[in-house]
Amino acid sequence: MSDFMQFLLSGITVGATYALAGLGFTIIYNASHVINFAQGEFMMIGGMATVSLLAAGVPLPLAIVLAMALAVAVGIALEKFAVEPAGKAEVVTLIIITIGASLTLRGLAQVVWDKKFHALAPFSGDTPIQFLGAAILPQSLWVMGVSLVVVVALGWFFNRTLLGKAMLATAFNGGAAQLVGINVKFMLMLSFALSALLGAVAGILIAPIAPTSYDVGLMMGLKGFVAAVLGGLGNGLGAVVGGLVLGVAETMTAGYVSSSYKDAVAFVLIFLILFFLPNGLFGKRGTERV
Amino acid sequence: MNLANSRWTGLGVLALVLALLPLALPNNFYFDVANRIAINAIVAVGLNLLIGYAGQISMGHAGFFGLGGYVSAVLTANYGWPPLAALLVACVGVALLAYVVARPILRLKGHYLAMATLGLGMIVSIVITNESWLTGGPDGMVVPDFEVFGLRLYGEQTWYGVFAVLLVFAVWVALNIIDSPVGRALRAVHGSEVAAQVAGIDTTGYKVLVFVVSAVFATLVGSLSAHYGAFITPDKASFMHSVEFVTMVVVGGMASTFGAVVGAALLTLLPQVLSGLEDWEMVVFGLILMTSMIFMPRGLVPSLQARFTGGAR
Amino acid sequence: MKQSRMRRSALVLAASLGCLSAALAAEGPIKIGSFLSVTGPAAFLGDPELKTLQLYVDKLNAAGGVLGRKLELVHYDDAGDAAKANTFVKRLLEDDKVDVIVGGTTTGGTMAAVPLVERAGVPFVSLAGAVVIIDPVKKWVFKTPHTDRMACEKVFEDVKKRGLSKVALVSETSGFGKSGREQCVAVAPKLGVEITVDETYGPKDTDMTAQLAKVKGSAAQALLVFGLGQSPAIVAKNVAQLDIKLPQYQSHGVASKEFLQLAGAAAEGVRLPASALLVADQLPGNDPQKPVVVDYTREFKAKFNEDVSTFGGHAYDGLMLAVDAIKRAGSTDKEKVRAALESTKGYVGTGGVVNMSPSDHMGLDLSAFRMLEIRNGNWTLVP
């Protein structure tokens, strides 16, 4: 039983970071139908910038804010200088552009910072908390707590504020949104800024648990993509559930089946889900217009 | 008709270039680069059928490439099979696998299809990495020379002959499929699947065919390149390698067979050219990728073609 | 007809150019080829290796070069990709025509180069760990780092000294970890050690508590972690999190200051086998390695303002072994250099005292490994 709790709580912690990455994919996908393969790089920027600012003597809270601001600036630049000029290019073309962007950012990070791994100090110490026979780190609570706050805040933003509704409207039908006076270009930019912010938050939260380096974005981005697709692309709640399912499935497999094959199990899971639900867990089932 | 003619002329030009190229290659290193270009080009030509003509994204073709290499490596090195038999088993095996998974996978659309193919490639790569008793694990394994009928294929220049002939053959097969009734019909309705279906065309059958053909292309050269390189690692089946293949197709130009060849050549040459930049290599490579796609979203060859022929499609 | 004549004349031209350049090369610099993983997942290994090579090639040149000729370092970054390593080695052999190769950060990259250097007949000193590189012996291939098999032996020796015998093994699914796991499983029975738990994790994993929970509930008396880079630090932290009180061993793959920084307090009491380089200032004055490691530490710190790792030390040893062999061979003749490398005796490097032979292309014995323990955030020698 205590093993089960340990696996579950570890899985939820890992899953929460996948969920935040998945949400980043979802927001941009909704606004632009772009799969942003540079999403993982936002997480890298968040973690690495915080580490380097701390090393430069900046206090932690300010370092975190500055790191998030940097990620947002990069996100906006990516939209302005790469995605917007490409305009109505094909899906694959846009994917390649974001892959190019992710390589560029990763390359810049290794030149500007370094190629080493860095750990952040945990926000509230590293004395484990015992809970139903499982030991969890205070940092895990930070990850879960902040993720929950982010999800609730996003829900409020998209359902209760004019700006959020405008973004949703743009996602649903860009042309119609433009007609009713919504600045579609601005919405697009906002979606990149928001995703970058989410990515940076996730990258900073996980840095005390798993060290960060210039190339952590690749794996986190991939996991985030999996989470987003698992839940049904374009569905925010789906991405969260997808991330948690992925994280828990991984630790449960590592714990009960085989630690070597835990990543494979995640992909088999995806096959099964896509086989029975071709649009993911919570994807739109409507017919596609042609 | 005119367009089709120009395509077949292209095949002749390609064959001529490949025949004359050895005169310009000063040493075996350049032959090696040419061989790697040909290897990638064959995969890209196959993948282009799937992405460019059938409109289906695959993020898992390195899985097939790696399977081909590992089936050949394991059967020849561990079990003493003749390389040709191993090659045939690899191709037939992957063709069957691709055929079986094609229908459920191709039912998926857009990004879900990308995800499923990505998953397929990942599973292949994870199995190869984990079963080290068979595959040597992440450190890879040595692959024996390719011998057929007592003839041993060895050396960059000999292999150049093999890969050059195969590339011409691959392009010829691709052009035939494109010019087949289904291929023509699909292009006639400007790639709209529903319109083609309405017109009574078996689009699923076409997609499955193209999926299998592109998988077999990847397997074939995956297998040969393992013998050629004399060594194989799980990197060959990795997600990043799949992405590289897709990038070749898209940069060269979707729905352009010669674009795929050009894309493969560019993306194989770039890392060699940029190797002097050291730490800046990744930045420059990423920027080139981004700018070329932003300014030539249809890819290099179609964009240049459009410029020279006055923009007509 | 015309084509073949053209081809023939082109060949003649190429051949005469080749002769010309070969004649010029005799007066030119000695070319040291290198391919290292300066970027990618193994960058923390390749980066200090390249810095070391550049630093010492410059120093040797400033001191007048070797055999009156300058050294020229030709380097390519394989980014941890064995396929890239394979191409770049071809380039080193065919295009750059290097005299000797010192490089190969990862075992995968090295093994991808082995068939090529064996065919070309160029001496190759690898900087990668696994025992497969030199066992079986390959005519042209040498290596400087201690093998994973030695690491297992050293650790199990220490486990037995503590009067324990049941070991839990947690290894990474990277090349380094896989090979290490296989070697440990193979040598354990010979040393009277039983591996009771055998778990693995992925090199990019962020949480290993699931695997470690199984260690906690088992009868194991000690824990051995076999991995590279940041993941062993996560394991160490997870061990502390789960309050696992077993004596903990790590492999020589964590022998850099980075591990201490990443693992922090969780690294206290962890033991690992490593070369003398890490404890240069703690060595007794009569230790034969003392002057070498103190010297290298000072030079590296002065130039790069970074702590030394044993990985940079491997590159130092590789370069110096090659230079030493070229000096003794009196030329860059490949076969002579190879024979000189193979007959290296009593060379004192950062990794230990090297005695090569036709059956041993590494030349280090178990005494080259020191058992270190992490105390107060620093390495200390276990007596």
Residue in the stretch A:60-70 that is touching a residue at least 24 places away in the same chain (Cβ under 8 Å), in contact with a His (Cβ under 9 Å, 6 or more places away or on another chain), surrounded by 24 or more Cβ atoms within 10 Å (Cβ to Cβ) and farther than 25 Å from residue A:242 by Cβ present: no
Residue count, the stretch C:266-282 (criterion: over 18 Å from residue C:364 (Cα atoms) and either in contact (Cβ under 8 Å) with a residue 40 or more places away in the chain or in contact with a strand residue (DSSP E or B) (Cβ under 6 Å, 6 or more places away or on another chain) (or both)): 7
The lone exception for residue A:69 - which of (1) in a helix (DSSP H, G or I); (2) under 21 Å from residue A:103 (Cβ atoms) it fails: (2)
Matching option when the condition is of a type outside the set (A, V, I, L, M, F, W, C), surrounded by fewer than 20 Cβ atoms within 10 Å (Cβ to Cβ) and not in a strand (DSSP E or B), among B:279, B:235: B:279
Unique residue being within 7 Å of another protein chain (Cβ to nearest Cβ) and either in a helix (DSSP H, G or I) or acidic (Asp, Glu) (or both) when the list is B:249, B:243, B:284, B:261: B:243
Residues located in the stretch B:1-28, provided they are at the interface with another protein chain (Cβ under 9 Å from one of its Cβ atoms) and either touching a residue at least 24 places away in the same chain (Cβ under 8 Å) or among the charged types (D, E, K, R) (or both): B:19, B:22, B:28
Residues satisfying the stated conditions in the stretch B:30-58, i.e. in contact with an Asp or Glu (Cβ under 9 Å, 6 or more places away or on another chain), within 14 Å of chain C (Cβ to nearest Cβ) and in contact (Cβ under 8 Å) with a residue 40 or more places away in the chain: B:31, B:32, B:34, B:35, B:40
Residue B:100 vs. criteria in a helix (DSSP H, G or I) and either among the polar types (S, T, N, Q) or without any contact (Cβ under 8 Å) to a residue 24 or more places away in the chain (or both): yes
Given (1) closer than 24 Å to residue A:222 by Cα; (2) surrounded by fewer than 21 Cβ atoms within 10 Å (Cβ to Cβ); (3) in contact with a helix residue (DSSP H, G or I) (Cβ under 6 Å, 6 or more places away or on another chain), index of the condition residue B:240 fails: (3)
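To keep it simple, each residue is scored yes or no on (1) at pLDDT below 80; (2) within 14 Å of chain C (Cβ to nearest Cβ).
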| residue | (1), (2) |
| --- | --- |
| B:178 | no, no |
| B:183 | yes, no |
| B:197 | yes, no |
| B:206 | no, no |
| B:237 | no, yes |
Qualifying position, being part of a loop (DSSP other than H, G, I, E, B), of a type outside the set (Phe, Trp, Tyr) and within 14 Å of chain A (Cβ to nearest Cβ), among B:113, B:120, B:134, B:108: B:108
Meets criteria (in contact (Cβ under 8 Å) with a residue 24 or more places away in the chain, closer than 22 Å to residue A:211 by Cβ and within 11 Å of chain A (Cβ to nearest Cβ)) for residue C:248: no
Cross-chain or 6+ apart pairs with Cβ under 7 Å, the stretch C:197-224 first and facing another protein chain (nearest Cβ under 8 Å) and part of a helix (DSSP H, G or I), then among the β-branched types (Val, Ile, Thr) and surrounded by fewer than 23 Cβ atoms within 10 Å (Cβ to Cβ): C:214/C:197
In the stretch A:27-43, residue modelled with the lowest pLDDT [restricted to those that are within 13 Å of chain B (Cβ to nearest Cβ) and either closer than 22 Å to residue A:60 by Cβ or not in a helix (DSSP H, G or I) (or both)]: A:33
Subset of the stretch A:91-125 (residues that are facing another protein chain (nearest Cβ under 7 Å) and either assigned to a loop (DSSP other than H, G, I, E, B) or among the acidic types (Asp, Glu) (or both)): A:115, A:116, A:117, A:119
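The values are calculated or read from the model by the stated rules, or taken from the named source; none is laboratory data. Given the structure is predicted, the values throughout are model-derived calculations rather than measurements. Cβ atoms come from the backbone with ideal geometry, glycine included; neighbour counts cover every protein chain shown.
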